[in-house]
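The values are calculated or read from the model by the stated rules, or taken from the named source; none is laboratory data. Just so you know, these numbers come straight off a predicted model, no measurement behind them. Positions of Cβ are generated from backbone atoms using ideal geometry, with glycine treated the same way; all protein chains shown enter the neighbour counts. Accessible surface is based on the protein model in full, side chains and every heavy atom, while ligands, DNA and RNA are left aside. Shrake-Rupley method; radii C 1.70, N 1.55, O 1.52, S 1.80 Å.
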Amino acid sequence: MSKKFIIVGGVAGGATTAARLRRLNEDAEIILIERGADISFANCGLPYYIGGVIENRENLLAMTPSRFKNIFNIDVRTLSEVTKVDAKNKKVFIKNSDSTYEENFDALVLSPGAKPLRPPIPGIDSKNIFTLRNVPDADEIKKIAGKFSDGKAVVIGGGFVGIETAENLRERGLEVTLVEAVPHILAPFDDDIVAILEKEISSHGINLILNDGVKNFSELDDKNLKITLSSGKEISANFVILSIGVRPDTEFLKDSGIELGERGHILVDEYMQTSAKNIFAVGDSVMTFDSLTGNKTSLALAGLANRQGRLVADNISGKNKKYRGVIGSSILKVFDLTAAATGKNEKILQREGKIFGEDYKFAITYPTSHATYYPGAESFVLKTIFSAKDGKILGAQAVGKNSVDKTIDLVASVLHFGGTIQDLQELELTYAPPFSSAKAPINMAGYVAENIFENLSEPILPKDLKNKIESGAMIIDLRSPKLFEKSHIEGAINIPAEKLRANLDKLDKNREIILTCKTGLNGYFMEQMLRGKGFKVKTLAGGNAYKNFVI
Ligand code: FAD
């Protein structure tokens with residue numbers, strides 16, 4: 001007899017699972033149940049649809065129910081909600097506009113995703129406060145953004161979706177305020193890196209309010225809202241986008257017999273099977289594990305939902321594949337910049353340091369996207385974090401115009417395979433002047449990291465400069481007088497790198513010396529020379545370029 005598989009949720013995780021199940025089981029009965037009207041739509045494209053970058057709504061719909069039926073012979077039931085699961089008796093209860101009925105199954109896959117948080121803040125039920133999860137939500141936001149095309153929008157929450165939405169509303173010409181409750185936006189990035197992005201957002205005319213949460217909303221009339229912040233500050237808007245995080249959409253599983261975590265995540269084992277046999281779960285609603293620490297974690301990212309969906313379909317089809325966990329890789333566009341991160345940042349390591357039981361170090365490099373002599377080369381900042389014990393890569397973050405995605409994807413690959421800073425150096429990569437450098441950014445990061453790992457170089461960060469100056473350090477700027485005159489760190493003296501050897505008598509062996517140059521490279525060369533001559537010396541990580549970028 002042919003098997004019967006039911007999948008709950010028809011977007012990233014659910015649609016992938018269904019299609020793979022069909023490819024491996026031509027004779028099975030496969031039913032895909034989706035609460036909304038669409039399946040397999042591009043949630044990730046929604047902010048760009050609101051902004052008009054994606055012009056055609058149809059382009060958001062990667063697959064329609066009828067195409068899914070025709071290509072994969074999958075019984076797609078949209079506008080149908082699974083209201084209850086009976087794990088013991090292998091049954092689901094489905095509600096549509098006409099009736100409620102049951103279906104039994106041989107295997108069930110849950111991919112209900114996560115829904116936007118809407119905490120009980122006074123006034124939150126105003127009709128002009130929106131959240132963004134699916135195409136109808138985007139339609140509504142696009143409509144109101146059109147209605148108030150020269151009006152004011154307030155976006156609450158500086159995560160990925162909040163920032164992408166704020167940017168797109170701003171690009172449409174609205175006056176936009178972005179409110180973030182904690183001191184900095186975008187948790188995957190450290191403060192020094194995120195400072196660059198905050199500067200970019202402000203420079204494009206978004207009013208960025210940090211470290212201030214919402215106390216209440218009040219509707220002044222049907223076109224105007226007042227938002228009062230914890231600090232007492234009041235801001236006004238024609239409409240608000242609430243983007244303060246998500247929680248698993250799993251209420252329907254409450255009495256199912258399937259084990260859920262504290263915050264409602266579906267708990268799964270390494271085969272992505274829930275506590276109930278033959279019931280699997282994937283995507284934003286599951287709690288999986290961190291492949292570096294082994295800790296339980298949940299991450300709402302499309303790539304993970306897709307990977308997990310394929311693995312579950314394989315396992316239902318008898319393949320017995322183990323999930324390897326998540327490292328956390330993400331990317332976004334922030335106006336003219338790209339920002340990407342993978343693995344652990346300093347904030348996380350300081351919090352979870354004890355779990356690793358070891359210290360970390362990091363290298364800041366300021367490479368260019370391709371050979372500087374070939375037109376169009378752009379610099380970007382790369383922060384590579386590694387174990388101080390064995391040089392194992394722990395994470396990386398990058399911000400800039402070009403090559404950011406490629407570089408962080410490479411670090412993510414090395415991280416995935418448990419690689420070290422030495423592996424970064426040894427990666428054999430493609431090179432020609434229009435594309436990269438003979439020493440690719442990632443190779444350079446490996447070299448610099450090794451120097452730091454072996455204590456050949458001791459970089460300091462721009463944020464530590466003030467303390468260093470106050471404690472009497474001498475700042476030497478190694479750039480040309482022309483560049484020095486344009487801008488320099490207050491109190492710095494200018495000795496170009498090529499003249500430093502001839503001017504050693506101007507330096508004091510009892511004073512700490514901080515070297516700065518264009519991007520950190522000359523600083524490193526001269527640091528070695530001065531160390532060899534007995535001076536106490538450190539280099540400003542990334543030189544003036546990085547400092548100016550960050551501060
Ligand atoms: P979803 O894609 O949310 O699908 C779950 C579906 O299940 C929903 O359609 C829901 O209606 C349905 N459902 C829920 N409960 C039931 C029920 N009881 N019965 C029937 N149907 C049900 N990720 C990235 O990696 N990169 C990005 O750039 C990115 N951008 C994003 C932008 C936006 C605006 C949003 C909202 C998300 C973005 N994401 C991004 C996250 C990504 O979309 C999710 O990680 C991914 O869609 C998760 O897939 P999923 O199958 O778990 O859940």
Against the longest principal axis of the chain, how steep is helix 191-203, in degrees 0 to 90 to the nearest 10, with axes from Cα atoms? 80 degrees
May I ask which residue of Ser369, Ile421, Ser436 lies farthest towards the positive end of the charge dipole of segment 335-484, with charges of +1 (Lys, Arg) and -1 (Asp, Glu) on Cβ and the Cα centre as origin? Ser369
Could you give the spread of the C-alpha atoms of segment 253-348 along their three principal axes, from largest to smallest, in whole angstroms? 47, 30, 25
Return the equivalent ellipsoid semi-axes of segment 420-502 as a descending list in whole Å, where each equals the square root of 5 times an eigenvalue of the C-alpha gyration tensor. 31, 19, 12
Please report how far the C-alpha centroid of segment 466-514 lies from that of segment 308-350, rounded to the nearest whole angstrom. 44 Å
Which three numbers, in whole Å and largest first, are the semi-axes of the equivalent ellipsoid of segment 25-71 derived from its Cα gyration tensor as √(5λ)? 27, 11, 8
Where the accessible area of the chain is counted over protein heavy atoms with a 1.4 Å probe, how much of it, in %, is carbon and sulfur? 49 percent
Across 10 Å bins from 0, what is the distribution of all Cα-Cα pair distances for the chain, in whole percents? 3, 16, 23, 24, 19, 10, 4, 2, 0, 0
Per residue, how big is the convex hull around the C-alpha atoms of segment 175-290? Give it to me in cubic angstrom, could you? 159 Å³
Hey, what angle do you get for helix 404-416 against the long axis of the chain, alpha-carbon based, 0 to 90 degrees rounded to 10? 80 degrees
Return the equivalent ellipsoid semi-axes of segment 1-119 as a descending list in whole Å, where each equals the square root of 5 times an eigenvalue of the C-alpha gyration tensor. 26, 18, 12
Starting from 0 in steps of 5 Å, tell me what percent of the Cα-Cα pairs of segment 328-381 lands in each bin. 4, 14, 17, 19, 17, 12, 9, 5, 3, 0
With no solvent and one point per C-alpha, what does the Debye sum give as log10 I(q)/I(0) for segment 66-225 at q = 0.08, 0.11, 0.14 Å⁻¹? -0.38, -0.66, -0.88
Let me know the charge dipole size of the chain about its Cα centre in debye, to the nearest 20, where only the beta-carbon of Lys, Arg (+1) and Asp, Glu (-1) is charged. 560 debye
Relative contact order (percent, whole number), segment 446-551, Cα cutoff 8 Å, 6+ residue spacing: 31 percent
In the chain, what percentage of the DSSP-assigned beta bridges are antiparallel, given to the nearest 5? 55 percent
Can you give me the distance in nm between label points at Asn104 and Lys84, each placed 7 Å from the Cα along the Cα-to-Cβ direction? 1.8 nm
Cα-based Debye curve of segment 462-546 sampled at q = 0.12 Å⁻¹ gives log₁₀ I(q)/I(0) of -0.29
Given a cut-off of 28 Å, name the pairs among Lys142/Lys347; Lys4/Lys296; Lys84/Lys127; Lys199/Lys233 whose C-alpha atoms lie farther apart than that in the structure shown. Lys142/Lys347; Lys4/Lys296; Lys84/Lys127
In Å², what does the accessible area per residue of the chain work out to with a 1.4 Å probe? 46 Å²
Using a 7 Å offset from the Cα along the Cα-to-Cβ direction at both Asn207 and Asp405, what is the distance between the two label points in nm, to one decimal? 3.4 nm
Which one of Val53, Ile33, Val92 is farthest out on the positive end of the charge dipole of segment 16-96, using unit charges on Cβ (Lys, Arg +1; Asp, Glu -1) and the Cα centre as origin? Val92
Counting only C-alpha contacts under 8 Å and six or more residues apart, can you give the relative contact order of segment 111-226 as a whole percent? 27 percent
Taking the Cα atoms of segment 410-551, report the difference between the largest and smallest coordinate on each principal axis, in whole Å and largest first. 47, 31, 29
Around Asn345, what is the net charge, scoring Lys/Arg as +1 and Asp/Glu as -1 over all other residues with Cβ under 12 Å from its Cβ? -1
Gain on full stretching of the segment that runs from Glu352 to Arg324 - 0.36 nm per residue minus C-alpha separation: 8.1 nm
Taking only the Cα positions of segment 388-455, the convex hull volume per residue in Å³ is 86 Å³
Local electrostatic count, Asn320, Cβ distance below 13 Å [Lys/Arg +1, Asp/Glu -1]: 0
For segment 204-321, size of Cβ-based charge dipole, Lys and Arg +1, Asp and Glu -1, in debye: 300 debye
Using the Kirkwood radius built from alpha carbon pairs, what does the Stokes-Einstein equation give as D for segment 319-451 at 25 °C and 0.890 mPa s, in µm² per second? 161 µm²/s
If we sort 11-22, 286-297, 499-510, 104-115 on the protection proxy, mean other Cβ atoms within 10 Å, highest first, what's the order? 11-22, 104-115, 286-297, 499-510
Any chance you could give the angle, 0 to 90 degrees and rounded to 10, that helix 135-147 forms with the longest Cα principal axis of the chain? 60 degrees
From Cα pairs below 8 angstrom and at least 6 apart in sequence, can you work out the relative contact order of the chain, rounded to a whole percent? 11 percent
Quote the FRET efficiency, to the nearest 0.05, computed for Asn295 versus Lys215 with a Förster distance R0 of 22 Å and r equal to the Cβ-Cβ distance. 0.05
Nearest 500 deg cm²/dmol is fine: what mean residue ellipticity at 222 nm does the chain get from its DSSP H runs of n ≥ 4 alone, each adding -39,500 (n - 2.57), divided by its residue count? -8500 deg cm²/dmol
Computed FRET efficiency, Cβ-Cβ of Ser230 and Ala302, R0 41 Å: what is it to the nearest 0.05? 0.80
What's the magnitude of the charge dipole for segment 9-115 around its Cα centre, counting Lys and Arg as +1 and Asp and Glu as -1 at the beta-carbon? Answer in Debye, nearest 20. 240 debye
Inter-site label distance for Lys3 and Ser149 at 7 Å from Cα along Cβ, in nm: 5.4 nm
